[in-house]
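Data block below; observations after.
The values are calculated or read from the model by the stated rules, or taken from the named source; none is laboratory data. Model, not experiment: these values are computed from the prediction. Cβ placement follows ideal geometry from the backbone for every residue including glycine, while neighbour counts extend to all protein chains displayed.
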Amino acid sequence: HRDLHPFPTRRSSDLPLSDDTPRPNILLEQLARSAGVTIGDINVIGENDAVMSGNIELLEKPYDVQRSLKNMEGALQVTGSYQQLKSFLEKLETSARLIDIVALDLDGTDEGLLNLNLNFRIYYFGP
């Protein structure tokens, strides 16, 4: 007899089981670096309504806890050429992590580059 889990384990990058804020920051930094844009600022704010690291029961049986879809909100500012920003947005769109772009603002710099400001939501299954 095998336990069936209500959430697929192999897709944990799509919808992780916690609002571990550093992970979205690291993902966004990696995507930005791979697109060649310069990161000005990344700010991710989670609900942080459950302390997971100290909850042994939750850590031992992460699928036994009732969970619901939750989100973190964030803002990001990057600078680059048109092609670099286009590449960055394509990488966001095709990322394994579910990310909604809520607002987008684009303006030019004195150096002929573009500043991209994004507001976004990133999702996870939380207790």
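Some points to look at:
- Residue among Leu104, Leu59, Leu17 that alone is at pLDDT below 90 and surrounded by fewer than 18 Cβ atoms within 10 Å (Cβ to Cβ): Leu59
- Given (1) closer than 15 Å to Pro24 by Cα; (2) over 15 Å from the mean Cα position of the chain (by Cα), index of the condition Asp100 fails: (2)
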